[in-house]
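Student: For reference, the structure I am asking about is given below.
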Amino acid sequence: MSLSTVLSDHPIASSTFALVGAVFVLSHALSFVKLVSQLVLVKGKSLKSYGAGKGAWAAITGPTGDIGTAFAHQIAKAGFNVVLIGRNPTKLGEIAEQLKSKYKVQTKEVVIDLGKPTPEAFEELRSMGREIEINVLVNNAGVSHEMPVYFSETEDEELLSILEVNTKSTLLITKALLPPMLARKNGLILTIGSFSALVPSAMLATYTGAKAFLERWSQALGEETKEFGVDVRLVLPYFVVSNMSKIRRPSLLIPTAPAFVRATLASIGQARGAAGRPYTSTPYWSHAVFDWAMGTFGLGGQFAISKGLAMHKDIRRRALAKKARLAKSQ
Ligand SMILES: NC(=O)c1ccc[n+]([C@@H]2O[C@H](COP(=O)([O-])OP(=O)(O)OC[C@H]3O[C@@H](n4cnc5c(N)ncnc54)[C@H](OP(=O)(O)O)[C@@H]3O)[C@@H](O)[C@H]2O)c1
């Protein structure tokens, strides 16, 4: 019996199938229209609403890395004074000088090794948060594995440092700076996540887990602080040209750090590719389309995880060969 005969014999069932199909297609078409409108038409919340140009401050962790430096410059250019939080005083001083001379803003530096922080460092931030109006916090500092590695072979030191820098320090810095934002009913907390939490990255398991932690934590925090006027967003990059990604040239799917940060600051409050995932945003246009397609067509499952494992095995093989060559030449 053909399908058309079955359907004509069961008009109620066939109408139900047609209705479900139409709703499915329509809802995905609408979410695609929303994505495109956020990418090209609708602007995100203005930085002015957090006090840009009115003497307010923004604190940025990891401002010495590629994405962090781009945040520091673009946030200073928007009119915020900047608190630079990092472990290398020389590099922090150089960035502070650039911001002061280029954008005529004030800067403060807080030296913390986020892998081995002391309670005093968080206390310094807490009292700074009481003295100056820090309305924006960018939790950007992050560290990944030196190279892809099986979890069972990961050095304890590497594993613990990934957790300390990416998660524990992020929590304690946020906790130090959040209360005055809540009291003023104004604040923005951006935390940089990763696609490796969206599609779990085998052989980067600890990094994946740490970024997944940040995602769920941001979502819970965002709901808690919304009624007190503090906006929280987990910002998702796929690859970005940087020291960490070890990618030097931009391409369609891999923006430069300044391009990624421009997209982030232009789309505050928008989900873009992360539609349906609260307090989460995929700001860069090609990442957003990729994220939307993965969510819509279910592409982020077993197939993507297996492809990632194959890719990481190959990266590890080449990284070990390079390390051996370097050791031989010394
Ligand atoms: N690039 C990508 O493709 C990509 C993709 C997904 C997510 N992300 C995320 O984006 C964020 C920025 O990464 P990036 O690509 O700009 O990497 P990056 O250039 O390597 O920058 C990392 C930043 O984190 C700081 N940091 C690392 N360990 C630290 C520690 N123990 N104490 C204090 N600061 C520490 C670094 O400081 P030093 O200068 O002192 O080393 C640097 O400022 C990270 O959270 C990363 O996980 C990046």
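Student: Would you please name the residue that is surrounded by the fewest Cβ atoms within 10 Å (Cβ to Cβ), looking only at residues in region 133-152 that are away from the ligand (no atom under 16 Å from the Cβ) and outside any strand (DSSP E or B)?
Tutor: Once the filter is applied, the top-ranked residue is Ser152.
Student: Another question, if that's okay. Search region 1-60 for residues being part of a helix (DSSP H, G or I) and basic (Lys, Arg), and hand back the single one that is nearest to Ala293 (Cα to Cα).
Tutor: The residue in question is Lys34.
Student: Has region 309-329 got any residue that is within 30 Å of Ala220 (Cβ to Cβ), open to solvent by less than 60 Å² (accessible area, probe 1.4 Å) and small (Gly, Ala, Ser)?
Tutor: Checked against the condition, which is being within 30 Å of Ala220 (Cβ to Cβ), open to solvent by less than 60 Å² (accessible area, probe 1.4 Å) and small (Gly, Ala, Ser), region 309-329 yields no hits at all.
Student: Of the conditions (1) within 13 Å of the ligand (Cβ to nearest atom); (2) buried (at least 22 other Cβ atoms within 10 Å of the Cβ), Leu177 fails just one. Which one is it?
Tutor: Tallying (1) within 13 Å of the ligand (Cβ to nearest atom); (2) buried (at least 22 other Cβ atoms within 10 Å of the Cβ), Leu177 fails exactly one: (1).
Student: Moving to a separate point now. State which residue is least open to solvent (accessible area, probe 1.4 Å) when the search covers only region 31-68 and only residues that are away from the ligand (no atom under 16 Å from the Cβ) and touching a Lys or Arg at 6+ places or on another chain (Cβ under 7 Å).
Tutor: Taking region 31-68 and keeping what is away from the ligand (no atom under 16 Å from the Cβ), we get 31-57.
From what's left, touching a Lys or Arg at 6+ places or on another chain (Cβ under 7 Å): 35, 38-39.
Numbers: Leu35: 3, Gln38: 29, Leu39: 45 Å².
Only one residue tops the list, namely Leu35.
Student: Still on this model: Identify all residues within region 96-132 that are open to solvent by less than 80 Å² (accessible area, probe 1.4 Å), more than 14 Å from the ligand (Cβ to nearest atom) and assigned to a loop (DSSP other than H, G, I, E, B); write none if there are none.
Tutor: Those that are open to solvent by less than 80 Å² (accessible area, probe 1.4 Å), more than 14 Å from the ligand (Cβ to nearest atom) and assigned to a loop (DSSP other than H, G, I, E, B): Val105, Ile132.
Student: Also: Considering each of Phe290, Phe260, Phe297 in turn, give the residue that is hydrophobic (A, V, I, L, M, F, W, C), open to solvent by 50 Å² or more (accessible area, probe 1.4 Å) and under 19 Å from the mean Cα position of the chain (by Cα). Let's see the steps before the verdict.
Tutor: On the way: Phe260 fails: open to solvent by 50 Å² or more (accessible area, probe 1.4 Å); Phe297 fails: under 19 Å from the mean Cα position of the chain (by Cα).
Only one candidate qualifies: Phe290.
Student: With respect to Leu84, is the statement that it is of a type in the set (A, V, I, L, M), in a strand (DSSP E or B), open to solvent by less than 80 Å² (accessible area, probe 1.4 Å) and within 14 Å of the ligand (Cβ to nearest atom) true?
Tutor: Working: of a type in the set (A, V, I, L, M): yes; in a strand (DSSP E or B): yes; open to solvent by less than 80 Å² (accessible area, probe 1.4 Å): yes; within 14 Å of the ligand (Cβ to nearest atom): yes.
Yes.
Student: Among the residues of region 308-316, are any among the basic types (Lys, Arg) and in a helix (DSSP H, G or I)? So that I can check it myself, show each step before the final result.
Tutor: Restricting attention to region 308-316, the residues satisfying the condition of being among the basic types (Lys, Arg) are 313, 316.
From what's left, in a helix (DSSP H, G or I): 313, 316.
Yes, there is a match, as at least one residue in region 308-316 is among the basic types (Lys, Arg) and in a helix (DSSP H, G or I).
Student: Related question: Quick one: which residue in Leu190, Leu163 is in a helix (DSSP H, G or I) and either at pLDDT 95 or above or open to solvent by less than 20 Å² (accessible area, probe 1.4 Å) (or both)?
Tutor: Values: Leu190 fails: in a helix (DSSP H, G or I).
One residue alone meets the criteria, Leu163.
The values are calculated or read from the model by the stated rules, or taken from the named source; none is laboratory data. Because the structure is a prediction, the values reported are computed rather than measured. Neighbour counts are summed over all protein chains in view; Cβ atoms, including those assigned to glycine, are modelled from backbone coordinates with ideal geometry. Heavy atoms of the whole protein, side chains included, go into the accessibility calculation; ligands, DNA and RNA do not. Shrake-Rupley method; radii C 1.70, N 1.55, O 1.52, S 1.80 Å.
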